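The values are calculated or read from the model by the stated rules, or taken from the named source; none is laboratory data. Every value quoted in this text rests on a predicted model; they were computed, and no experiment measured them. Methodologically, a virtual Cβ is constructed for each residue, glycine included, from the backbone with ideal geometry; neighbour enumeration extends over all protein chains shown.
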Amino acid sequence: MRKLRTLDEFEEEYFRKHLEKIDDYLTEIFQEYADNNDYSTLLASLRVVARVW
C-alpha cells in the first residue's frame, strides 16, 4: 500500500529544494494572518519553515 504525504511534508520538501522562496512565503503567511487573524494557520506555517531551516 502506498503512503501518501501530508501537506506539511510536501511543503517541507518543496522549501528544502527552494530555500530562496522562504522569504516570500513568510511575507505571505504574515499578510494572511494580518487579514484573517488565524493564529493556528500562522503557527502551522511557521512550524513548516522551522523544520526546514
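Summed over the chain, the residues that are surrounded by 10 or more Cβ atoms within 10 Å (Cβ to Cβ) and not in a helix (DSSP H, G or I) give a count of 3. When region 26-47 is filtered for residues that are closer than 15 Å to residue 12 by Cα and polar (S, T, N, Q), only 45 remains.
Yes/no matrix, rows are residues, columns are (1) modelled with pLDDT of 95 or more; (2) under 10 Å from the mean Cα position of the chain (by Cα):
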| site | (1), (2) |
| --- | --- |
| 2 | no, no |
| 8 | no, yes |
| 16 | yes, no |
| 20 | yes, no |
| 29 | yes, yes |
| 33 | yes, no |
| 53 | no, no |
